[in-house]
Every structure is written in C-alpha cells, then in structure tokens.
Amino acid sequence: MTITVRGYAAQSATSPLAPFEFERREVRANDVEIDIEYCGVCHSDIHQARNDWGWSHYPIVPGHEIVGRVRRVGAQVSKFNVGDLVGVGCMVDSCQHCHPCEQDLEQYCENGNVQTYNDTDRFGDQMPTYGGYSDTIVVTEKFVLSVPENLETQAVAPLLCAGITTWSPLRHWHVGKGSKVAVVGLGGLGHMAIKLANALGAEVTLFTRSGGKEADAYQLGAHHVVFSTSEEQMQSVANHFDLIIDTVPYTHDLKPYIATLALDGTLVLVGLVGELESTVNTVPLVTGRRTVAGSMIGGIAETQEMLDFCGRHNIVSDVEMITMQNINDAYERMLKSDVKYRFVIDMKSLKNG
C-alpha cells in the first residue's frame, strides 16, 4: 500500500514548479508520518529544480526544511507521539554502520545518506524521495527531529538547513566565549551564522562587499562590519579571526579573507558547491598554520542539539511567508537576493490548488 500525496514538482530543468500528485510508502514499524505545516525554500532547491549541479532526476518535489505535526507513528516508534511538533532536514536515512554514521555524522555517510528529495531510498524500498513542497511526508524515526514548542513555528523551518549548516562548523571548531568569528555574506546562511555565533558568546564580524547592510548585521547580532573591498579595513583585521564562515554560493577569491585568519585559524566554506575561481596561495597557510576547509549540514544528534539551543535562546530565522502558488516568483526573487532572509511556504495553501 502507498499514501497519495499532493505537492509541487519540477518536471524538467526548464519547467516551472506546478501541482503534482505522487505516492509515498505506507507507514512502516519505525516510521513517522508528518502533516507538513511549513517548508523553507533553500537556494539548493533552485539548483536542483534547474539541474544546475547536473544530477537532477525528474520529477523533483523540492524542500528539505520541513516542520509539521505527527499524524501517525509505526508500532516500534518510541520517541514521538501523534500531535508532536517535529522537523525533517536534508536527509532521511543513512547506512547506520559506517565509521561516520557510528559517530552520529550521518551527513558524511560513506555509503551515501539518503537525501530528502531527488534521491532513492537505497536502504528501504528503493522508491524515489520527494521533499517538503507537499502535504505529507513519511520518515524513519531516527531522522525526525523534535521542535521546541516555544519557538515561532513558521520561522523554525530554515533552521533545518541554514541553521544546521552554520551551527555544525561553529561547534566543530569549538566556538565559544572569546572566539573571534567572521561571516562572509549576509543571506539565509549568513544571518543564521551571525545569530548562532553571537549566542555562543563569540565576537562576530560581517564581511560585506556592499554598503547598506550594517544596520541589519548589528540587529542580527554582529559586533563589527568590515568592507572586504577596502584594503584599509581588511588590513585592520589581519591575523584576527579564529574562524571565518564563508556562505557565498558562487565562485569568489578567498585570498583577501585568508590573511585575516589568526594563527591556526580556519576559513570554512559552507555555501559554494563547485570550483573555486582562483587557486589559494599556500604562503599565508604555511606561515600561519591556517586552514581552508569545507563543511555541510550536521548529523541528527547535532541538529537536535542546535534546535534545543535555539529553543533556549529563542533563535529562529528571519522569514517571509509565501503561498505554494507563489513559489516560482520566489525563486526569481531569491536569485536577485530579494528576501530577508528565507522564504517559507505555508503548506495550508496547497489546498487552494
């Protein structure tokens, strides 16, 4: 048996998202069925819907920032009950037995985690995975997250991608009181990096190429704003930062930022998937034992830690609500950076056709 689900899908790289009816698996013993209330809109949704990365399989139902209420649970489910507020992020399964999985790092599963959409359920029924631009989803219990009830529910959704993508490097590089953290780019990822780093007690700086972002940066929790196009300002923060979180999603030159790292400092790329525009000069790396690294989302345990932290500190994303019917317009606005700072779809709008 299967469950009939309504959603929005891209049928090709050039077609707009449109209504789509499809099947999900029936609830298994360890499954949770979720009525989706809100779904965030991520830049990667656009990339995959338009096959920018070259691995899209159609039809695609995007969406991996999912918040909703539990509708049903399987007979062996112990963590969740009907009515619980829950979330689902970028992955819905992994092999569970490789070295990363045994360390609660399912995002780095050596056998490949199962992505929430545009993937195949290799460890289950071999069905294609479809994302959160839909009314219902069925996910194995281990990959379902508990959402704090005190948070503004609609603004929680982007935490499940933008939030954890920036939280994971903050935790991995042990950011805390006294740490000096810089953020490159003020978008969906960047605004969450500022909020989280500030709440962890760090001194936070925003790197930006253009004016007009200072007030927003300070409101979000930044202590300083540095214009990366100003040689004087960049020189003033030379050898300064313990960690730079680079959220820029397109190719760009890293050299100016590397010089601002302190001894043993790290620049971690979380926004760019693909080639860098120019090579990295090893001189500042060697002379300062600096590191250029990459990071993606966190594991399930780390994502739950992030949600609980946000619950205690009342941290959510800054969002603009849209209806499902406006998703194609939202994509065009995202490409122009015309959103502060994340679109979230009210999935009740699906009922309007």
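The values are calculated or read from the model by the stated rules, or taken from the named source; none is laboratory data. What you are looking at is a predicted structure, and each value in this text was computed from that prediction instead of being measured. Note that each Cβ is placed from the backbone with ideal geometry, even for glycine, and that neighbours are counted across all protein chains shown. Just the protein is used for accessible areas: all its heavy atoms, side chains included, with ligands, DNA and RNA removed. Shrake-Rupley method; radii C 1.70, N 1.55, O 1.52, S 1.80 Å.
Ordered by 1.4 Å accessible area with all protein chains kept, Thr279, Thr323 run largest first as Thr279, Thr323. Taking a Cβ cut-off of under 15 Å around Glu110, the surrounding Lys, Arg, Asp and Glu residues balance to a net charge of -3, with basic ones at +1 and acidic ones at -1.
Just want to confirm a number: the relative contact order over region 164-294, from Cα pairs under 8 angstrom separated by 6+ residues, in percent.
Here the relative contact order equals 22 percent.
Straight-line reach from Lys213: which lysines have Cα under 26 Å away, leaving out those fewer than 8 places along the same chain? Qualifying lysines at Cα under 26 Å: Lys177, Lys180, Lys195, Lys255, Lys336, Lys340. Between region 239-256 and region 31-100, the alpha-carbon centres lie 30 Å apart. With the convex hull of its Cα atoms as the shape, region 111-196 has an orientation-averaged projected area of 8.0 nm². A 1.4 Å probe run over the protein chains yields, for the chain, 42 Å² of accessible area per residue, whole-number rounding. Listed by chain and number, the lysines whose C-alpha is less than 20 Å from the C-alpha of Lys79, apart from same-chain residues fewer than 8 away, are Lys142. Between Asn30 and His97, the contour length at 0.36 nm per residue exceeds the Cα-Cα span by 22.4 nm.
For region 181-270, carbon and sulfur atoms together expose 49% of the accessible surface, with a 1.4 angstrom probe and every protein chain in place.
Would you tally the net charge around Arg24, using a Cβ to Cβ cut-off of less than 13 Å, leaving Arg24 out, and scoring K and R as +1, D and E as -1?
Residues near Arg24 contribute -4 overall.
Between helix 300-313 and the chain there is an angle of about 70 degrees, using the helix long axis and the longest principal axis of the Cα atoms.
Angle check, please: helix 188-199 long axis (alpha carbons) against the longest principal axis of the chain (alpha carbons), in degrees 0 to 90, nearest 10. Between helix and principal axis, roughly 70 degrees. Accessible area of Thr266 (1.4 Å probe, protein heavy atoms only, ligands and nucleic acids ignored): about 10 Å².
Taking the mean number of other Cβ atoms within 10 Å as a proxy for protection, how do you rank 230-242, 339-351 from highest to lowest? Mind showing how you got there, number by number?
On the way: 230-242: 14.5, 339-351: 19.2.
The packing order, highest mean first, is 339-351, 230-242.
Taking the helices alone, the chain has a mean residue ellipticity at 222 nm of -6000 deg cm²/dmol, built from -39,500 (n - 2.57) per DSSP H run of at least 4 residues and averaged over all its residues. Evaluated at q = 0.11 Å⁻¹, the base-10 log of the normalised Debye intensity for region 164-294, with identical point scatterers placed on the Cα atoms, takes the values -0.32.
Pro128: net charge of surrounding residues, Cβ under 9 Å, Lys/Arg +1, Asp/Glu -1, itself excluded? If you can, show how the numbers build up before the last one.
Working: positive: none; negative: Asp119, Asp121.
Within the 9 Å Cβ shell, the charges total -2.
Here the spin labels are modelled as points 7 Å beyond Cα on the Cα-Cβ line, and at Asp264 and Glu23 they lie 5.7 nm apart.
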